[in-house]
Amino acid sequence: YWTLLAELKFYFCVFLLLQFKLFKHFKVWLSVWLAAATFHYFTGQPFFMGYFITPHYSSFFIAGVLFHLLHHRIDTVYTKAALVISLALSCARGYQQVPGFINNPETIDGFVAIGCICLFYLLFYFISTGKASLTPKPIYLTLGFISYPLYLIHARAGRAIIDKFYGSTPD
């Protein structure tokens, strides 16, 4: 459940943008947010940023907004430029966070994280610009319905499986 708080903060901020009719001023608030997230990466400041929006994952949320704008062909020059900055920050954050997910990581692990991030950005870029599409299929709807509940129980289910088989397989 570690991502839920980050998601809730993001959705609350989007709610405020919509409530106060500020979404249309995306160049201002996205630029400020991206600058603050980048500054936070290098300095840890502003220290209070985490109270409002999660700085460690901001570049990924920013990318989601930018892909939405690209999909609707809204100011693509600004959007693409901001997307490149977001990608760079996402790669830097991804590389930095590898030790939090892997015990004793090697340098290659950080580069694998960067590669995965780049591939997902590329995939979403192609989808949002219409250069790639997913043909609607019933299986996609089914996977969509089960993905969130699976996300919510995967840690407990995984732990139960690991505990059940721990010691029964060679190291």
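The values are calculated or read from the model by the stated rules, or taken from the named source; none is laboratory data. This one's a predicted model, so the numbers in the text were calculated from it and none came from an experiment. Heavy atoms of the whole protein, side chains included, go into the accessibility calculation; ligands, DNA and RNA do not. Shrake-Rupley method; radii C 1.70, N 1.55, O 1.52, S 1.80 Å.
Under the shape rule built on the C-alpha gyration tensor, where the axes satisfy a ≥ b ≥ c, the range 125-165 is prolate, since a/c reaches at least 1.5 and a/b is greater than b/c. Within the full protein context, the accessible area of residue 85 is estimated at about 90 Å² for a probe radius of 1.4 Å.
Accessible area ranking (1.4 Å probe, heavy atoms, ligands and nucleic acids excluded), largest first, for 163, 109: 163, 109. In percent, rounded to a whole number, the relative contact order of the range 1-160 is 18, using alpha-carbon pairs under 8 Å and six or more apart.
Of 77, 98, the order by accessible heavy-atom surface (1.4 Å probe, DNA, RNA and ligands excluded), from most exposed downward, is 77, 98. Accessible surface of residue 23 in the full protein assembly, 1.4 angstrom probe, to the nearest 10 Å²? Per-residue accessible area (residue 23): approximately 60 Å².
Sorting 22, 89 on solvent-accessible area from highest to lowest, probe radius 1.4 Å, gives 22, 89.
Please work out the Cα center distance from the range 65-82 to the range 17-41, rounded to the nearest Å. If we compute the Cα centre of each part, the gap is 14 Å.
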